[in-house]
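The structure under discussion appears below in the form of structure tokens.
The values are calculated or read from the model by the stated rules, or taken from the named source; none is laboratory data. The structure displayed is predicted, hence computed values, not measured ones. Note: ideal-geometry Cβ built from the backbone for every residue, glycine included; neighbour counts use all protein chains shown. Each accessible area value is taken on the protein alone, full model and side chains, heavy atoms only, with ligands, DNA and RNA left out. Shrake-Rupley method; radii C 1.70, N 1.55, O 1.52, S 1.80 Å.
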Amino acid sequence: MECNFKKVHTGRDLAISTMVLLSGAGLFFINMGLGICIGICGLCMFIFYKGGYRIDGRGILLSRKSEDISKACRTSLVDFLEGRNPTPTIKQGHEGGTVRLDLYYNQTENVAYVRLYDFCNYVYEPATGIIELNGDRAAKLISLF
């Protein structure tokens, strides 16, 4: 499954950007240089500050979480993602190596997209494709992080 995640604005991003822009406009009348500087920062935040993710063609707003997990948990996690294990065991740390888990999720919809990476030769190499989890399996994985 090939998924392209696009960064998008969330409601929180727009609220913060608006507050910074309005504070810059208010400060313009007190200190013109500071007001212009903060106003430009607010304008740049409208353009560049994006904290959410969307998959092309879908309307669900996702959050992202990346975790480094001990390599000892890799088989349990792969079995969970493939549906063979009902509950994964996850242990934080770097004991015996590292596996990175990228999780794009929406808690209210109980949807998660997961990808595992192995750390080899100082580079994270994809160990699995992007796996879509729905319902209880997604809720279990989201609750672990």
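Tabulated results
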item: Helix-derived mean residue ellipticity, 222 nm - over the chain, DSSP H n ≥ 4, -39500 (n - 2.57), to 500; result: -12000 deg cm²/dmol
item: Sparse-neighbourhood loop sites, chymotrypsin sites (Phe, Trp or Tyr not before Pro) in the stretch 1-89 - DSSP loop, at most 12 other Cβ within 10 angstrom; result: Phe29
item: Interchain or long-range residues, amide H under 5 Å from Val111's placed H; result: Asn106
item: List Cys120, Cys37, ordered by accessible area with a 1.4 Å probe, largest first; result: Cys37, Cys120
item: Solvent-accessible area of Ile16 with every protein chain in place, 1.4 Å probe, in Å² to the nearest 10; result: 60 Å²
item: Accessible area of the stretch 29-114 belonging to carbon and sulfur atoms, whole % at 1.4 Å probe; result: 56 percent
item: Residues of the stretch 124-145 with amide N under 14 Å of the 7 Å Cα→Cβ point at Gln107; result: 139-145
item: The stretch 37-101 shape via C-alpha gyration tensor axes, a/c threshold 1.5; result: oblate
item: Pairs from Lys91/Lys140; Lys71/Lys140; Lys65/Lys140; Lys6/Lys91 whose Cα-Cα separation, in the structure shown, is over 26 Å; result: Lys6/Lys91
item: HN-Hα J in Hz across the stretch 118-124 - Karplus 6.51, -1.76, 1.60, θ = phi - 60°, x for Gly and Pro; result: 8, 9, 9, 6, 6, 9, 7
item: Solvent-accessible surface (1.4 angstrom probe) belonging to Leu14, in square angstrom, nearest 10; result: 70 Å²
item: Angle between the chain longest axis and helix 11-28 axis [Cα atoms, degrees, rounded to 10]; result: 20 degrees
item: Leu22-Asp56 pseudo-label distance in nm [points 7 Å out on the Cα-to-Cβ vector]; result: 3.7 nm
item: Solvent accessible area, Å² - Arg74, 1.4 Å probe, full protein context; result: 70 Å²
item: Per residue accessible area in Å² of the chain, where ligands, DNA and RNA are left out and the probe is 1.4 Å; result: 60 Å²
